[in-house]
Ligand code: PXL
């Protein structure tokens, strides 16, 4: 069985980060080890009052133990990170805990809709850019891609403009820069992938629903990591991630109260497993 390690926070309520990555990756038949970066009472899109306990201080000793044990993983997957120091630690993990040919995957989960999430400083995107450019595959939304390339965000970028941003960000180790949540016309949503090695683009779209939910980026990223680790091509991984995310959103729509609690990925797990077996 393949084994990955994912580095992100644990938000106790509000399906996102580790509470999404662990079940999704497990459902895909891949073992998931974790490095928790922080413990929060909820994700930060909840109103005032969420708690935040930073775990940066714990990570170096976890990694030192792993070095003594000689642990290596088939993928290192980073998500929501809280500090420059954590960015440095992820870059160290990309170097030191990857098996031969392993995947280095970064989801720069820090912003959406033109704005950084609460608690991030203006300088954080520069730190996250270092993490992304040390990875093989990255999955920013267009807001995150703009913040890391210094482009001004607009909510009406054309397909060509998005491709330009993806290409501009694809430096360092990056092989594939996947812009998530990319629209196609009025009624399609999907992803645009820039393949740096071949200087080409791959796009995949599915139905666009008239709603947005919190935590869809984590579903998308976790699905891609699972699929790539299972040996799927980048195109197959993107298609599966777009389709499963849509399926989760459809399940969520059936329960309007669940909006702040992330998407209903649980009831869509049978779809994911079936698609993966095809
Ligand atoms: O879904 C990304 C994410 C992860 N972790 C925390 C968050 C968010 C998005 O807001 O707040 C704590």
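The values are calculated or read from the model by the stated rules, or taken from the named source; none is laboratory data. No experiment lies behind these values; they were computed from the predicted model shown. Virtual Cβ from ideal backbone geometry, glycine too; neighbours counted across all protein chains shown.
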When every residue in segment 244-265 that is away from the ligand (no atom under 16 Å from the Cβ) and under 20 Å from residue 42 (Cα atoms) is compared, the one modelled with the highest pLDDT is 255
Would you confirm whether or not segment 27-34 contains a residue that is within 13 Å of the ligand (Cβ to nearest atom) and crowded, with 17+ Cβ neighbours inside 10 Å? no
Say whether the condition of being under 16 Å from residue 108 (Cα atoms) and free of Cβ contacts under 8 Å to residues at least 60 places away in the same chain is met by at least one residue in segment 193-209. yes
Note on segment 210-229: residues more than 19 Å from residue 133 (Cα to Cα), touching a residue at least 24 places away in the same chain (Cβ under 8 Å) and more than 15 Å from the ligand (Cβ to nearest atom) are 211, 226, 227, 229
For segment 93-110, which residues satisfy the criterion of being in contact with a helix residue (DSSP H, G or I) (Cβ under 9 Å, 6 or more places away or on another chain) and farther than 24 Å from residue 20 by Cα? 96
Filtering segment 38-67 down to residues that are within 9 Å of the ligand (Cβ to nearest atom) and buried (at least 16 other Cβ atoms within 10 Å of the Cβ), which residue is farthest from the chain's Cα centre (by Cα)? 50
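Conditions (1) within 16 Å of the ligand (Cβ to nearest atom); (2) part of a helix (DSSP H, G or I), marked per residue:
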site: 71; (1), (2): no, no
site: 86; (1), (2): yes, yes
site: 90; (1), (2): yes, yes
site: 119; (1), (2): yes, no
Counting just the residues of segment 217-247 that are over 16 Å from the mean Cα position of the chain (by Cα) and part of a helix (DSSP H, G or I), which one comes out surrounded by the most Cβ atoms within 10 Å (Cβ to Cβ)? 247
Step by step: first the residues of segment 25-55, then only those that are touching a strand residue (DSSP E or B) at 6+ places or on another chain (Cβ under 7 Å) and in a helix (DSSP H, G or I), then the one that is farthest from residue 117 (Cα to Cα). Which residue is that? 26
On the basis of being away from the ligand (no atom under 15 Å from the Cβ) and either out of contact with any strand residue (DSSP E or B) (no Cβ under 6 Å at 6 or more places or on another chain) or not in a helix (DSSP H, G or I) (or both), does residue 148 make the cut? yes
